[in-house]
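The values are calculated or read from the model by the stated rules, or taken from the named source; none is laboratory data. Bear in mind that the values here come from a model prediction, so they are computed numbers and not experimental data. Here the Cβ is made from the backbone with ideal geometry for all residues, glycine too, and neighbour counts use every protein chain on show. Heavy atoms of the whole protein, side chains included, go into the accessibility calculation; ligands, DNA and RNA do not. Shrake-Rupley method; radii C 1.70, N 1.55, O 1.52, S 1.80 Å.
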Amino acid sequence: TFEDTKGTFTINRDEPYIIPTIKTSIGINPNIKVMALPWSAPAWAKDNNSLNGGSLKTDTSTLNDYHQYFVNFVNAYEAESVPIWAISVQNEPQHSSNDYPTMTMSSSQHGNLIRGVRSALNAAGKSSIKVVGYDHNWDTPSYVTNFLSDSSVRADTSAVGFHCYAGDVSTQTNVRNQYPDVEIFFTECTEFGTLSNFNPDFRWALRNLVIGATRNWASTVIEWNMVLFFNGPKASGGCSNCRGLIDVDNSGYSKNPAFYALGHLSRFVKPGARRIDSTEPTSNSKTLAMLNTDGSSFVVILNDGNPDLTFDLQWFGATCTVFVKSWSAATVYRSSATSLSMEVYRTTDQESGTRLKFTETITCVGGPAVTPVPTAFPQASPTAMPVAGVTPAPTMFPEASPSIAPTDEPFQPNIVITVIITFVRIATYPIVFIIRIFRPGAAEVGAE
């Protein structure tokens with residue numbers, strides 16, 4: 001950790017490689033936001049005196065020292081010109097392993113830690129740094145709602161993070177509906193195995209993470225991890241078959257399916273973008289629409305079945321038709337609310353086919369394009385209308401990954417747009433994509 005011996009805090013382990021890599025990344029893209037979290041507190045702060053397993057001690061002195069540990073980390077990184085955007089207080093607080101750094105805590109202990117870290121950061125003049133709670137799977141929402149039910153903890157919780165390894169993405173909407181003042185982050189998922197079949201893995205990531213998490217209020221989509229030397233050393237008990245967005249070896253690198261799935265969104269979204277509601281007119285069609293602050297917008301369409309489908313897009317007063325092959329995806333990009341030309345970027349079903357490639361420009365028809373109106377529009381329920389050229393697919397593709405049909409979020413619309421025949425509604429949170437590069441307090445784990 002950064003303080004293996006109490007009172008000797010240092011980030012010297014990160015100075016040769018981790019910090020220079022982050023700084024290089026920030027130099028390329030100054031909008032990168034850095035989020036950090038520990039897999040374990042230092043051993044001296046735990047009841048078993050080990051990084052592996054165990055829980056955080058409960059005495060006031062130890063807790064105060066651990067809260068300061070987070071402040072020391074932020075100060076040390078800022079001194080290296082690496083600003084910290086968010087701190088998540090504990091990775092997977094319900095998971096314990098005797099083989100690698102982990103730390104469990106009850107929901108009430110987790111809430112107390114959030115409150116303590118927030119207080120310490122505020123006292124150090126770091127009130128702008130977000131404090132994130134939970135950072136675990138979709139399957140135990142009661143853990144989240146228990147600590148958020150304490151109003152003082154809720155006031156100190158900027159967001160709660162979710163992982164993909166158990167449960168259903170709709171949990172995010174359920175938590176948000178109970179506590180709409182707390183942001184929803186999606187903070188971890190990884191690809192597994194040999195990745196010998198590109199298309200099902202690509203569609204799973206697009207359906208569940210890029211579209212599913214974002215349609216369920218997530219304002220971040222984070223994959224674990226970015227770049228991985230897959231055949232390198234692995235810690236005992238860690239993940240033996242986790243993959244990065246990009247795999248590297250001595251001969252070069254390869255881009256994995258989730259790289260292209262994330263690209264269908266991240267290539268087009270800009271800081272401050274907001275999600276626009278979009279219908280999904282067949283059981284196999286999954287959609288995501290976004291409006292950027294510069295007036296550009298785009299729709300991600302996944303045809304997650306058979307047959308090929310033709311979609312009519314009704315969009316800022318214009319109507320377009322876009323064809324999407326079976327088992328394929330397209331992002332349709334519009335540069336402004338007045339443009340009638342749309343760029344189409346595709347990933348096709350073939351294993352060696354098109355992958356996030358610009359393929360054509362389509363021209364829309366209609367009356368004068370509509371400029372977004374910044375006034376509230378009265379709430380109404382969307383009414384489904386027939387979609388020309390769309391034939392519902394008769395069967396789902398037989399694969400083990402579940403098909404997720406997210407619940408639409410109820411909120412007041414600010415602008416009237418129709419995308420794939422929908423009543424428009426605008427999300428309240430900006431979309432921000434984070435590169436989570438490191439975890440303070442954790443040793444190298446699994447295949448990371």
Among LEU245, LEU206, LEU291, which is under 22 Å from THR331 (Cα atoms), surrounded by 21 or more Cβ atoms within 10 Å (Cβ to Cβ) and out of contact with any strand residue (DSSP E or B) (no Cβ under 6 Å at 6 or more places or on another chain)? LEU245
Being open to solvent by 10 Å² or more (accessible area, probe 1.4 Å), among the basic types (Lys, Arg) and more than 18 Å from PRO281 (Cβ to Cβ) narrows ARG334, ARG346 down to just ARG346
I'm trying to understand the selection: among the residues of the stretch 63-121, which are in a loop (DSSP other than H, G, I, E, B) and charged (D, E, K, R)? GLU80, GLU92, ASP99
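In the stretch 64-99, which residue that is small (Gly, Ala, Ser) and open to solvent by 10 Å² or more (accessible area, probe 1.4 Å) is farthest from CYS189 (Cα to Cα)? It would help to see each step written out before you state the result.
First, pick out the residues of the stretch 64-99 that are small (Gly, Ala, Ser): 76, 79, 81, 86, 88, 96-97.
Now drop any that are not open to solvent by 10 Å² or more (accessible area, probe 1.4 Å), which leaves 76, 79, 81, 96-97.
Values: ALA76: 28, ALA79: 31, SER81: 28, SER96: 18, SER97: 19 Å.
Restricting to residues being small (Gly, Ala, Ser) and open to solvent by 10 Å² or more (accessible area, probe 1.4 Å), the top hit is ALA79.
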One residue from ALA213, ALA258 being closer than 27 Å to TYR100 by Cα, buried (at least 24 other Cβ atoms within 10 Å of the Cβ) and touching a residue at least 12 places away in the same chain (Cβ under 8 Å): ALA258
For the stretch 106-129, the count of residues that are open to solvent by less than 30 Å² (accessible area, probe 1.4 Å) and farther than 15 Å from LEU148 by Cβ equals 5
Within the stretch 16-36, work out how many residues are under 27 Å from THR62 (Cα atoms) and assigned to a loop (DSSP other than H, G, I, E, B). 0
Can you name the condition, by its number, that ALA155 falls short on among (1) within 14 Å of ASP181 (Cα to Cα); (2) surrounded by 18 or more Cβ atoms within 10 Å (Cβ to Cβ)? (2)
Residue in the stretch 91-103 that is more than 19 Å from ASN48 (Cβ to Cβ) and either at pLDDT 95 or above or of a type outside the set (Phe, Trp, Tyr) (or both) present: no
Hey, among the residues in the stretch 296-326 that are surrounded by 21 or more Cβ atoms within 10 Å (Cβ to Cβ) and part of a loop (DSSP other than H, G, I, E, B), which one's modelled with the lowest pLDDT? PHE316
So LEU228, is it closer than 30 Å to ASN98 by Cα and open to solvent by less than 10 Å² (accessible area, probe 1.4 Å): yes
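Counting just the residues of the stretch 51-62 that are assigned to a helix (DSSP H, G or I) and out of contact with any Phe, Trp or Tyr (no Cβ under 9 Å at 6 or more places or on another chain), which one comes out nearest to THR8 (Cα to Cα)?
This residue is SER61.
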Of the residues in the stretch 130-147, those that are assigned to a loop (DSSP other than H, G, I, E, B) and either touching a Pro at 6+ places or on another chain (Cβ under 9 Å) or open to solvent by 50 Å² or more (accessible area, probe 1.4 Å) (or both) come to ASP139
